[in-house]
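Reviewing the structure listed below.
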Amino acid sequence: MAGDDLVPENESGYKLAQPKQTLAEYQKMDENDESLQRYKQSLGLGGGKDLSDPNDPRVCIILSLSMESPGRDPVVIDLSAPGSEKKLKDKPFKIKAGARFTMIATFKVQHEILSGLHYVQSIKYLGIRIPGGKSSEMIGSYAPNTDKTPVYVKKFAEEEAPNMNKKFSVHSKFIDDDGKTHLEFDWAFQIDKDW
């Protein structure tokens, strides 16, 4: 796989001008600025009990990737157990040809603010990336989860499966603006005439 194959698209050209700060430093910044306080609350800062696990150093924990499509039960790829992503390539899930579907990521954030999380994937057929087969979805920036918001859920843009009966392999990555990869895995799906 080419090194730049799973690099998110540079959507805004925005670069952080100052170094990252701790959660406590962010919470104390401009305490008297009402609009900044509302912004911090929208990020989840200052509300609820922090659920970060002191024994788990990960900042972003991807719990699942799901596919929803009208007329069928959701297909859920459970990624919560360490190493669970290693089994996905051998168990392709089926998508009906021409069906409309939506992918959904469920995840947790802990210890620090997660800045600019992206989901990037490359879809291949017989080892060759298909035209339009690389996509990048901006998920966003998030504060650590609290008891008020124990998990985050991001619904991606709706897609339509091609009208062809073939098996595709996918290489996926969750990566943030700092270039830190939070999860990278291979999986597969089969386009078929029926579910």
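The values are calculated or read from the model by the stated rules, or taken from the named source; none is laboratory data. Here the structure is a predicted model, which is why all the values come from computation and not from measurement. All Cβ positions, even for glycine, are placed from backbone atoms using ideal geometry, and neighbour counts span all protein chains on display. These accessible areas exclude ligands, DNA and RNA; they are computed on the full protein's heavy atoms, side chains included. Shrake-Rupley method; radii C 1.70, N 1.55, O 1.52, S 1.80 Å.
Surface composition of region 127-172: carbon and sulfur atoms hold 51% of the protein heavy-atom accessible area at a 1.4 Å probe. The distance separating the Cα centre of region 44-116 from that of region 147-195 comes to 9 Å. Here is the list for region 102-159: trypsin sites (Lys or Arg not before Pro) lying in DSSP coil, each with at most 11 other C-beta atoms within 10 angstrom of its C-beta, are 148.
Within region 131-195, the GluC sites (Glu not before Pro) that combine a DSSP coil assignment with at most 13 other C-beta atoms in a 10 angstrom radius are 158. In the full protein context, region 66-195 carries 51 Å² of accessible surface per residue, based on a 1.4 Å probe and ignoring ligands, DNA and RNA. The residue 192 and residue 58 beta-carbon pair, evaluated with R₀ = 41 Å, returns a calculated FRET efficiency of approximately 0.70.
At full extension, residue 167 and residue 94 could sit 25.4 nm farther apart than now, given 0.36 nm per residue minus the alpha carbon distance.
Using a simple spin-label model with pseudo-atoms 7 Å out from Cα toward Cβ, residue 49 and residue 157 lie 4.1 nm apart.
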